[in-house]
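Here, each number is a calculation from the coordinates, and none is a lab measurement. Computed from a predicted model, the values in this text were never measured in an experiment. Cβ: placed from backbone, ideal geometry, glycine included. Neighbour counts: every protein chain shown.
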Amino acid sequence: MISSDDALLELREGNRRFVAGEIDASSMTNRAHQVGMSGGQNPFAIILACSDSRVPVELVFDQGFGDLFVIRVAGNVVAPSQIGSIEFAASQFGTRLVVVLGHSNCGAVIATLKELALEQTHRSPNLRAIVDRVRPAIEPILEAHRDSDTITLTGAAVRANILASVERLTHGSLILEQLIDAGELTIVGAEYSIETGNVEFFDKKQP
């Protein structure tokens, strides 16, 4: 399995190709399904991403079948099922990089901001479960940006939510903590810009 640094470089290069429009028919053909893949998988990165339909993870990083272990949930929130999925991939496949991928104008973050501002409430307990996981990261941002415009506030809230998920993964699992301490796993945050297609990676998160 490649190192976390090499995996991060591959994702950066893939996103560069995506933004530059270098993904042509030939590139897509080379990444098409291959006979024999049922024998196993060897993903070089684990991506915890938002479910937003405007964030096609494999396309954004110009990767194909078997390259990425992708977990998608609204708001890229961390719950036991997401932690368990990451534990499985990191332990089973030896994948050394986890990326928490949020994105601009995230609906889950915006919904949480509206609820905190008392503009709306969520009657569905299932939707509320997502909002409640976003809320702790957003509350300090709402206070700090009380005089900011909506765009600035939303951008700060999106980033805070991403970093909060990184923090929960870094310190919310004994298995992941042990892998991090052994230098066998790195967890980073990143934000995809729906407007430009560019992915900004944050600094590596230290335990």
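With springs only between Cα atoms under 10 Å, which of Ala156, Ala129, Ala182 fluctuates most in a Gaussian network model of the chain? Highest fluctuation of the listed residues: Ala182. Between the amide H of His103 and those of Tyr192, distances stay under 5 Å, these residues lying 5 or more places away or on another chain, with hydrogens modeled in the peptide plane. Computed over the chain, relative contact order equals 24 percent, with contacts defined as Cα pairs under 8 Å that lie 6+ residues apart. Convex hull volume of the Cα atoms of the chain, normalised per residue: 127 Å³.
Run the helix sum for the chain: -39,500 (n - 2.57) per DSSP H stretch of 4+ residues, divided by residue count, reported at 222 nm to the nearest 500 deg cm²/dmol.
Numbers: 8 runs with 101 residues, N = 207.
Using -39500 (n - 2.57) per qualifying helix, the result is -15500 deg cm²/dmol.
Between 0 and 90 degrees, the angle of helix 4-20 with respect to the longest Cα principal axis of the chain falls at about 80 degrees.
A simple charge model with +1 on the Cβ of Lys and Arg, -1 on the Cβ of Asp and Glu and nothing else charged puts the dipole of the range 74-207 at about 300 debye relative to its Cα centre. How much FRET efficiency would the formula 1/(1 + (r/R0)^6) give for Ile194 and Ser91, where r is the Cβ-Cβ distance and R0 is 30 Å, rounded to 0.05? The value I calculate is 0.35.
For Ile175 and Asp147, the FRET efficiency from 1/(1 + (r/R0)^6), where r spans their Cβ atoms and R0 equals 45 Å, is about 0.60. Amide H to amide H distances under 5 Å link Gly189 with Val100, Phe202, Lys205, where only residues 5 or more positions off or on other chains count and H is placed in the peptide plane. Structure remark: mean-square fluctuation, Gaussian network model of the chain, C-alpha springs under 10 Å; the largest value among Ile162, Ile23, Ile138 belongs to Ile23. Looking at the chain, the DSSP beta bridges with both ends there are about 20 percent antiparallel. Close amide H contacts of Arg72 (hydrogens built in the peptide plane, cut-off under 5 Å, sequence separation of 5 or more or a different chain): Ala49. With a 10 Å cut-off between alpha carbons and a GNM built on the chain, which of Val55, Val77, Val100 moves the most? Result: Val55 has the largest fluctuation of those listed. Once the GluC sites (Glu not before Pro) in DSSP loops with at most 13 neighbouring Cβ atoms within 10 Å are cut out of the chain, the longest remaining piece is 23-118. Could you check how many percent of all C-alpha pairs in the range 87-160 are farther apart than 19 Å? Distances greater than 19 Å cover 43 percent of the Cα pairs. Computed from backbone phi with θ = phi - 60° and the Karplus coefficients 6.51, -1.76 and 1.60, the 3J(HN,Hα) list for the range 48-60 is 9, 10, 6, 7, 3, 5, 8, 10, x, 4, 4, 5, 4 Hz; x is used for glycine and proline.
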